[in-house]
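This report concerns only the one structure given below.
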Amino acid sequence: MAAKLRAPGWYRSGLFIVAGVLFAAALVTAVRAAYGFSQPFEGSGGWDDDWQNAVLTVSLIGAPLFFLVGLGAFDYWFYWAAGRPTRPEDHSSHGAHSWKDYFRVNTDHKVIGIQYVVTSFFFMLIGGLLAMLVRAELAAPGSQFVDGNAYNGLFSVHASLMIFLFIIPVFAGLANFVLPLMIGAPDMAFPRLNALSFWMLPIAGLMMTASFLAPGGSFATGWTAYAPLSTDVPIGQLFFTIGVQFAGASSIATALNFLVTIITMRAPGMSFWRLPLLVWANFSTSLLVVIATPFIAASQFFVLLDYALGFNFFTWQRGGDVLMYQHVFWFYSHPAVYIMMLPGFGIISEVISVKSRKPIFGYRMMAFSLLAIVLLGFTVWAHHMFVSGMQPWIRIPMMVTTAIIAVPTGIKIFSWLATLWRGVLHLDTPMLFALGFLTMFTLGGISGVMLAMIPLTIHVSDTYFIVAHIHYVLFGGSLFTIYAGVYYWFPKMTGRMFDDGLGKLHFWLTFVSFNATFAPMHLIGIEGMPRRVADYPAQFAGWNLFISLSSFVLGLSTLVFVYNIVRSWRTGARAEANPWRALTLEWQVSSPPPIFNFDRVPTVVGGPYEYGVPGAVHGIFQPAGREAKTPQPAAVAAGETSRE
Amino acid sequence: MGVEGVRSASGSEEITAGRESRANLRQMLVIGVVSSIIGIALALAIDWFPVQASTQAEKIDTLYDVLLIFSVPVFVLVEVVVLYSVWRFRMKPGEELMDGPPIHGNTRLEIIWTAIPAILLVCLCSYAWITLTDIEDADASALNVRVVGEQFTWTFYYRGPDGRPVASPQLYVPVDRQINFTVQSKDVLHDFWVPAFRMKIDAVPGIDTHLRVNPTLRGTFPVVCAELCGLGHSVMRQDAHVVSKAAFDTWLRNRARGPAPRAGGGQQAGGGATAAQGKPVFNAAGCSACHTLADAKATGTVGPDLDTALKGKDEAFIRTSIVDPNAEIAKGYSANVMPPNFKQTLKPAELAALVKYLASVTKG
């Protein structure tokens, strides 16, 4: 037992969590004693609330760090920093041989990719369940089964889990698995950092979910956590404030890892103009993450300092500035919607090109439009604040940039349509989700352009029209691309084929019930139903009942997906290396890929989407012994076809 | 292996393919135009908006119609290409190993679909800017109303005939005169929104925000808080009454003078208030939004159930509970939830009537 407690792993991390909480209690007790503040058993009411909240706050920050140390995420670095012999590089933490290996600090990008995806879907199911509860409460006017505070908690945790624990990390997970394979790399640039980024994620998720157990209930100020409401509510708020820090740190570390991997670890011959668009998409996303995510970290640190230590960032009576929170928050959170969309664009480019058997139309414009979105994405944040009371003139430039960002997005939509044109369309599950994405995301984009128009937004901001818009963008947009990507790479990730019939059933159930759920929200929003309300006037009762019923079907449709994935993973037919006849490198190795991805280093000799070009190849595997040589320019030129 | 290769790739078929392609496009154009017209007609036929009660509402509704007219063809375009491709280009038996023609791009097309949307969007933005200027146009003779939000109620302040501020829990405005709202908050963010006027603005602690509305229709419309402000956010709803100029002046004069209960209709002074006059006050002051009270058919759950919480309590206790809600907090409820301003917003007569009413209906 003692040896188990010393070795990195779950026993030691359990011990360390206890140590972390005790440390927090000791620190708080000591500091409070020094200042003469109340102690745990003072007063009549037993447990002292202030003391308890202080211990909780310090534990929320400290215990996760203790947990990570206990799990062994820092072992290598600590040994190295202390000058002790690091464990030899035997790659024992590479690859997964049993399910237990997924519960360890593992440095294999393929294992981490699966850890990410499964964890994200776990929190997606919790978030979905919370959405069902929200819809159950809203099925009829009046109060059904939760009070105002619990209701506010339900939608707040729903949104936070879906955004920070599902959409953002699931894209990081998919890219973690396929991106190194696509560029011909043996792993990510920083495998240990990669493992650490993953393990910060379940911490954030459990923290947000566990907030329901906090005294006073969960955080209930929406995922936006606007101050000063968020600085003056029960302690559950800090489960969001601190949870976001862990999710954000995870996100930043992964993005850095992607950037370095993409820049430095491309296979010979893999120039930027030969990168698959998924890689371009993650390159762009990572730029956004690295630049923007520190801003949400800052906004939540402000809240934490106001809340826990009596700072006055948002106390207007003491010179605080309430609007400042929104500016800092949205300077991250608007780019965040592109963080939640660009990787999906990459997935769609892969799926549509392969399943239409045609080169992607306008490859370079597809890449440039991603970069244009990155740039413009930083110039539109205040369109979330058209009615916030900020200086009026700034609304006009923000309106124009918001509208103009539809241009690069439009280029992508039109290029996908042109890729479909005259192709040989394989309408299997990934392709159906890709086409579903095209149509639904167009609707989300159209309502987005409408929302750029200030006069309309003055009426519909903070209404169900917004709820409809974000769900068309994040569900009809992002989630459809996630489903497309999960089905598309499922054979590669698991070595098994999924059931295409069940996949199609899943698609149609989701597609129909999604529209039935969210389309009517446009209407009730314009008619005057505000968002984030537990109760509403009787005039909206009919539509709300319809929406609630549709949403339950939508919830159930997810079970088809879960069943298909679980069953196919266990008993599905073995997948061949390249079931889709795709050209990109990840399909040129076995399914699942070998432990170090490529037994021979591939050399890239042409574009990734040369379907229909007779004899076109993207990458070749050099005969053994020639790895050291760089590709001859002549061979590269011969393999590349002209753009027209 | 089966037939590998490119669908219609050989030289002689290339010409047929081109002709076929043009025929495809013509077909699609017809389908697209017809469905766009039907789509626009349908979109405009839907009754989207609540009642139009201000000049701002008319302009915003028109803007929305214009946006619909531009949006429908865009959606139809995408939809038609997707559906047409699915129908026309889906893989047929025997084509399992075939590829499409290797078209890598078309610079002219790409320039077109970059430039046209950009031009359209700039036009829409210009139109939206013009609309914005119109709806925010300031009128020097506007009536000033100060709106103060707090958890979870609005209070409206007017300048009385004698120059002193007059407070009201209900919004009264005259028709056909611009109202210049100055919006403030005492605690957290709120948002002052009258859907019938189509205008809203956040109430931000520490700063004044402004909103101008020209009401055009007499009637009673909901005032809604649109920014999440805490557990009572859903019930932070009051009424906006748009009345004739004469009716407004009378109302303001009565309000400033004080003794007349707003809803009871009588002219008694505060001391003569009766329990019967308290019931309309209970509803008008918004009590029913948060409290349950069987007699008034109120079912709110934000605050304590008055049927049990006030049972057997005397009038003094009830009065204190209304004007100083934090004096005693019912078990299981939090302080600072109930608005502490009823002493300011209720006239003495109204307050007296409300206390008598509550005492009488919770006696048993």
May I ask which of A:Lys492/B:Lys92; B:Lys297/B:Lys356; B:Lys279/B:Lys313; B:Lys311/B:Lys343; B:Lys279/B:Lys331 have a Cα-Cα span longer than 21 Å here? A:Lys492/B:Lys92; B:Lys311/B:Lys343; B:Lys279/B:Lys331
FRET efficiency, A:Phe103 to A:Leu213 (Cβ-Cβ, R0 22 Å, nearest 0.05): 0.40
Ranked list, fewest to most other Cβ atoms within 10 Å of each Cβ, for A:Lys4, A:Lys412: A:Lys4, A:Lys412
Using a ≥ b ≥ c from the Cα gyration tensor of the stretch B:275-362 (square roots of the eigenvalues), is it rounded, prolate or oblate, where a/c under 1.5 gives rounded and otherwise the larger of a/b and b/c decides, a/b for prolate? rounded
Where nothing but the Cβ of Lys and Arg (+1) and of Asp and Glu (-1) is charged, how large is the charge dipole of the stretch B:275-362 around its Cα centre, in debye to the nearest 20? 120
Counting other chain Cβ atoms within 10 Å of each Cβ in A:220-227 and taking the mean gives 3
Cα-centred dipole magnitude for the protein assembly as shown, charges only on beta-carbon of K, R (+1) and D, E (-1), debye, nearest 20: 560
Give me a single rounded figure for B:60-73: the average over its residues of other chain Cβ atoms within 10 Å of their Cβ. 3
How many Cβ atoms of partner chains, on average, are near each residue of A:133-144 if near means within 10 Å of its Cβ? 1
Using +1 at the Cβ of each Lys and Arg and -1 at the Cβ of each Asp and Glu in the protein assembly as shown, identify which of A:Leu585, A:Asn152, B:Asn144 lies farthest towards the dipole's positive end. A:Leu585
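If you stretched the chain out fully between B:Ile38 and B:Ala142, how much longer would it get, using 0.36 nm times the residue separation minus the C-alpha to C-alpha distance?
Result: 33.1 nm gained on full extension.
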Exposure proxy ranking, count of Cβ atoms within 10 Å, fewest first, for A:Leu420, A:Leu179: A:Leu420, A:Leu179
Pop a pseudo-label 7 angstrom from the Cα along the beta-carbon direction at both A:Leu505 and A:Thr379 and give the gap in nm to one decimal. 5.0
Taking a ≥ b ≥ c as the square roots of the Cα gyration tensor eigenvalues, with a/c under 1.5 meaning rounded and otherwise prolate when a/b beats b/c, else oblate, which class fits the protein assembly as shown? oblate
Place +1 on the Cβ of every Lys and Arg and -1 on the Cβ of every Asp and Glu in chain A, take the dipole about the Cα centre, and give the residue among A:Gly485, A:Met324, A:Leu27 whose Cα lies farthest towards its positive end. A:Gly485
How high is the relative contact order of chain A, in percent, with contacts defined as C-alpha pairs under 8 Å that are six or more residues apart? 13
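Report relative contact order for the stretch B:275-362 in percent, whole number only (criteria: Cα-Cα under 8 Å, sequence separation at least 6).
On the way: 114 pairs, mean separation 34.7, N = 88.
Once normalised by length, the contact order is 39 percent.
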Put +1 on the Cβ of each Lys and Arg and -1 on the Cβ of each Asp and Glu in the stretch B:143-257; which of B:Asn214, B:Phe156, B:Asn254 then has its Cα farthest toward the positive end of the dipole? B:Asn254
Okay, helix-only estimate at 222 nm for chain A: each DSSP H run of n ≥ 4 adds -39500 (n - 2.57), divide by all residues, round to 500 deg cm²/dmol; what do you get? -21000 deg cm²/dmol
Please report B:Asp187, B:Asp65 as a ranked list, fewest other C-beta atoms within 10 angstrom at the top and most at the bottom. B:Asp65, B:Asp187
With +1 on the Cβ of every Lys and Arg and -1 on the Cβ of every Asp and Glu, the dipole magnitude of the stretch B:143-257 about its Cα centre, in debye rounded to the nearest 20, is 460
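Values quoted throughout were computed directly from the atomic coordinates according to the rules given, and no laboratory measurement underlies them. Just so it is clear, the structure is predicted and the values come from calculations on it, not from any experiment. Positions of Cβ are generated from backbone atoms using ideal geometry, with glycine treated the same way; all protein chains shown enter the neighbour counts.
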